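Participant: The structure under discussion is supplied below as structure tokens; questions concerning it will follow.
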Amino acid sequence: MLIAVRQLPSSPVGFIIVALVLIGLSRPIIRRVSESEDSPWLVKILTASLVIHLLAAPLQIFVVTSFYHGISDWTRYTIQGSILAPDFRSFNFTLANANVRGIVNDGSVSIFAGVVMAIVGINLIGTFMVFAWLSFLGTILFYKAFTLTFPSAAAGHRRYAYLIFFLPSLIFWTADVSKEAMMQVSLGLCAYGIAKVLRRVPGGFRLLALGVIPGYLVRPNELMVLLGGFAVALIVRTGGSGERFNATKRIGGLIFMGFLVAVSVYMTVHYLHVGSNTLQKVGQNNSAGSGAGFGSSGVVYHSNPLYLPFDAYTVLLTPLGFNARGAGEYVASIENLILLGLLIGSYRQLRVAVRTAFARPYVMMCLVYSAGFLYAFAALGNLGLIYRERVMLLPFFLVLLAIPRSPRGQPSMFEWEYRRKDRKKFQAVMLRRDAMVKSMRAAALAGESPTPGPPSAPVPVAVGAGTHVSDDPEVPSGGD
């Protein structure tokens, strides 16, 4: 429900102090992320993105008050949070005074707003900056998940970094007290945890468990789609060496995932009142909405999965310039035109997306989540709502546009650039190459002369977690 109420105060001294504290906390995080990725260029990107995230907080307030007459979901969240904050500061955790009727869905956002205000004071811009900062940290987690999935593809890292850290809608719609900001953190934790599990890096399930908690409280339906994608990813072959998960671990992982999905379904049905024909009802309920994040109503929705391409167009590219109505939609159409250009320019990446999904199961999860999101959220029936809520799709969908590819005209450097019939032979050659490299290094450490390699010119090949050099004639030629 959207409401318009009096605005909370925004003391300049207060929010400037909050901004300086957040920047100070971010500096070691940015430095550590850059060092862990061995990417000095990342410092400038993360710093610029942080500043833009913080500046988007007062911009969000200005846009809502100037163009939407103060009508927005965050007005209710912040008013209720300001009532809860003094109680929380006194360790009185009652919700009755603020008329918060539950901790799932809207109530969770108001409660967290109260927690933030209990720390920074009742300062609207300062509170928004904290939420914007948290969404920035969530974006870093998405980036970490991508680099863990593609550890040796620097070009892909840059492409994904520019997309996820600077896409306007990802910044603007997560720079306020909102479900989007909280879900950015929740899904970021889940994405990084899933990437760790699929790459068999310790700590993945702990991060996943930490991420599902706010997801269950805010939007369990989105979490249900994500966990369904993870369940599919657990089934497919793991990437790199061609090994599979230990059978016991795989069964245990699937049981754990089944439990999480079951809880997501229960939370969605019980708290969001989802029943039969829900998607059609959602579209009807939103057809007359107005306020921040709302736009043209009456978007046609088809529940038949055969219309998924039409739903994809609705969620990803509507409005464009020719069907935009009003200043808000014209601004949105600019980003959609950019996204359309990215889709066209990423033809080579999209061409190998399915092939990559079987080599890197994290991409499989992104594919399943994207398809499920496009099908379900096209039912919102309102362009403004679709444009706002698709920010929870973009971090996963942009993975498909940033799949690393070898430069045109160069030898294929990545496993997913090879046809499936050639991949096992390709992997076997790389395993032999790895063994030879290790033997040469051991010999060098022992002071022995390494055995000279073949005289032919080497061909660089990247597989798994490292970059290798292959001059083996058995390596098949990749397919573009």
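Since every read-out is calculated from the coordinates, none of them should be taken as a lab result. Because the structure is predicted, anything quoted here is derived from the model rather than measured. Methodologically, a virtual Cβ is constructed for each residue, glycine included, from the backbone with ideal geometry; neighbour enumeration extends over all protein chains shown.
Participant: Would you be so kind as to identify which of SER406, SER370, VAL437 lies farthest towards the positive end of the dipole of the stretch 315-448, taking Lys and Arg as +1 and Asp and Glu as -1 on Cβ and the Cα centre as origin?
Facilitator: VAL437
Participant: Follow-up question, since we're still on this one. So for each of 396-406, 155-165 I average, over its residues, the number of other beta carbons within 10 Å; can you give me the resulting order with the highest mean first? Could you put the intermediate results ahead of the total?
Facilitator: Details: 396-406: 23.2, 155-165: 19.5.
The peptides rank, most packed first, as 396-406, 155-165.
Participant: Another question, if that's okay. Run the numbers for ALA444 and VAL43: contour at 0.36 nm per residue of separation, minus the present Cα-Cα distance, in nm. Don't jump to the answer; show the numbers that get you there.
Facilitator: Numbers: separation 401, 0.36 × 401 = 144.36 nm, distance 3.58 nm.
Difference between extended and current length: 140.8 nm.
Participant: Test of understanding: what is the full-extension gain from ALA327 to ARG200, defined as 0.36 nm times their sequence separation minus their Cα-Cα distance?
Facilitator: Values: separation 127, 0.36 × 127 = 45.72 nm, distance 4.78 nm.
Extra length available between ALA327 and ARG200 comes to 40.9 nm.
Participant: With θ set to phi - 60° and the Karplus curve 6.51 cos²θ - 1.76 cosθ + 1.60, what are the ³J(HN,Hα) couplings of the stretch 104-112 in order, to the nearest whole Hz, using x for Gly and Pro?
Facilitator: Whole-Hz 3J(HN,Hα) from phi for the stretch 104-112: 9, 6, 4, x, 5, 5, 4, 5, 5.
Participant: Then there is this: Contour minus end-to-end for ILE29 and ASN304, with contour as 0.36 nm per residue of separation and end-to-end as the Cα-Cα distance?
Facilitator: Stretched fully, the ILE29-ASN304 segment lengthens by 94.5 nm.
Participant: Compute the Rg/Rh shape ratio of the stretch 21-102: radius of gyration over Kirkwood radius, all on alpha-carbon atoms.
Facilitator: Taking Rh as the inverse mean 1/r over Cα pairs, Rg/Rh reads 1.16.
Participant: With a 10 Å Cβ neighbour count serving as the proxy for reagent exposure, in which order, fewest first, do GLU415, GLU35 appear? Before the final figure, lay out each step's value.
Facilitator: Values: GLU415 25, GLU35 12.
Listed from fewest to most nearby Cβ atoms, that is GLU35, GLU415.
Participant: For the stretch 303-346, how big is Rg over Rh, using alpha carbon atoms and the Kirkwood form of Rh? Please report the intermediate quantities before stating the final value.
Facilitator: Numbers: Rg = 11.6 Å, Rh = 11.1 Å.
Using Cα coordinates only, the ratio equals 1.05.
Participant: Per-residue HN-Hα couplings for the stretch 37-51, Karplus 6.51 cos²θ - 1.76 cosθ + 1.60 at θ = phi - 60°, whole Hz, x for Gly and Pro?
Facilitator: Per-residue couplings from phi come out as 8, 6, 10, x, 5, 5, 4, 5, 5, 5, 5, 4, 5, 4, 4 Hz.
Participant: Counting Lys and Arg as +1 and Asp and Glu as -1, each charge on the Cβ, what is the dipole of the stretch 112-210 about the Cα centre in debye, to the nearest 20? Working shown, then result.
Facilitator: Numbers: 8 positive and 2 negative charges, 105 e Å.
Computed about the Cα centre, the dipole is about 500 debye.
Participant: With a ≥ b ≥ c the root eigenvalues of the C-alpha gyration tensor of the stretch 368-433, is it rounded (a/c under 1.5), prolate (a/b larger than b/c) or oblate? Present the calculation step by step, with values, prior to reporting the outcome.
Facilitator: Working: a/c = 4.30, a/b = 2.89, b/c = 1.49.
It comes out prolate by the Cα gyration axes.
Participant: Could you list TRP416, TRP41, TRP74 in order of exposure, starting from the residue whose Cβ has the fewest other Cβ atoms within 10 Å?
Facilitator: Values: TRP416 24, TRP41 13, TRP74 28.
Listing TRP416, TRP41, TRP74 from fewest to most nearby Cβ atoms yields TRP41, TRP416, TRP74.
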